[in-house]
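Worksheet for the structure shown next.
Just so it is clear, none of the values below were taken in a lab; they were calculated from the coordinates. Predicted, not measured: the structure shown is a model, and the values here were computed from it. Reconstructed Cβ throughout: ideal geometry from the backbone, glycine too, with neighbour counts over all protein chains shown.
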């Protein structure tokens with residue numbers, strides 16, 4: 001009887017493990033990273049996710065003021081094999097997996113710019129509003145193995161007002177392949193002079209209007225950053241997510257009067273319903 005009971009228990013545990021493994025395979029994300037939305041559950045065709053996120057973040061680049069902001073979350077996605085096309089808020093893009101360890105992504109997004117009113121303490125008075133505009137984001141991630149435990153990240157953001165480059169290294173935590181779990185990435189950021197002055201430069205006219213010193217920044221090293229992402233599936237349809245971002249500016253940025261703080265930070269949480 002003991003032998004039969006033990007055999008029956010082994011069969012049940014094996015069946016449970018097999019079902020869990022099958023479920024994970026069926027719900028496999030294109031890339032199992034919490035920072036990348038994937039609502040397709042590993043299936044071809046349309047997928048939808050809709051939710052809401054709350055962020056506590058720096059009011060603008062270089063600000064020592066912090067504000068809460070509520071934003072929609074989620075995306076409309078269409079998957080075909082190892083390619084996903086998506087529309088997420090103000091971004092339209094594509095990402096594709098190649099050879100299990102290469103991820104390519106191209107996105108056209110919208111840069112909201114900066115307004116004088118972003119500073120409730122009046123630190124931007126006289127600087128005027130930065131124009132809104134589109135940006136093109138090109139990204140490549142290279143994993144060290146197919147489980148995406150560690151990876152390298154390269155990214156270029158091209159705008160009408162300059163370019164930004166990012167080079168990073170990431171680590172994924174957790175065992176599931178459905179995009180849940182957490183990850184931590186560290187990155188170094190570089191920009192050209194146009195991009196640097198877009199956020200931190202002060203022209204002669206702005207200096208006269210604001211009383212701040214005229215500032216013209218050169219390109220090069222911008223900052224180093226840490227980015228943490230978390231995603232958890234409550235059930236088949238509901239998921240919660242969170243992120244924390246810290247960016248420490250280099251000395252070139254800190255000499256600008258606009259940079260009232262030597263860092264930018266953000267913490268956010270949210271919930272998404274997957275249809």
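By other beta-carbon atoms within 10 Å, ranking 63, 261, 218, 180 with the fewest at the front produces 218, 261, 180, 63. One chain, two ends: residue 80 and residue 92. Fully extended at 0.36 nm per residue, the span grows by 2.7 nm beyond their Cα-Cα distance.
Diffusion coefficient (Stokes-Einstein, Kirkwood radius over C-alpha pairs, 25 °C, 0.890 mPa s) for the chain: 118 µm²/s, rounded to a whole number.
Applying 0.36 nm per residue to the separation of residue 52 and residue 100 and subtracting their alpha-carbon distance, the gain on full extension is 14.1 nm.
Taking label points 7 Å from Cα along the Cα-to-Cβ direction, residue 261 and residue 129 give a separation of 2.4 nm. For region 151-176, backbone nitrogen atoms closer than 19 Å to the point 7 Å from residue 188 Cα along Cα-to-C-beta are found at 151-157, 163-171.
Taking other Cβ atoms within 10 Å as a rough exposure proxy, 254, 141 sort from fewest to most as 254, 141. P(r) for region 34-146, from all Cα pairs and a bin width of 10 Å, is 12, 32, 30, 18, 7, 0 %, short bins first.
Report, in degrees rounded to the nearest 10, the 0 to 90 angle that the Cα long axis of helix 2-26 makes with the longest principal axis of the chain. Approximately 40 degrees, to the nearest ten.
Full extension from residue 216 to residue 232: what is 0.36 nm times the residue separation minus their Cα-Cα distance, to one decimal in nm? Result for the pair: 1.3 nm of gain on full extension. Take every pair of alpha-carbon atoms less than 8 Å apart whose residues are at least six positions apart; their mean separation over the length of the chain yields a relative contact order of 18 percent.
Rounded, prolate or oblate for region 186-275? Axes are the square roots of the Cα gyration tensor eigenvalues, ordered a ≥ b ≥ c, and the cut-off for rounded is a/c under 1.5. Prolate shape, in that a/c is at least 1.5 and a/b is the bigger ratio.
In this simple spin-label model, placing a label point 7 Å from the Cα along the Cα-to-Cβ direction at both residue 204 and residue 112 gives a separation of 3.4 nm.
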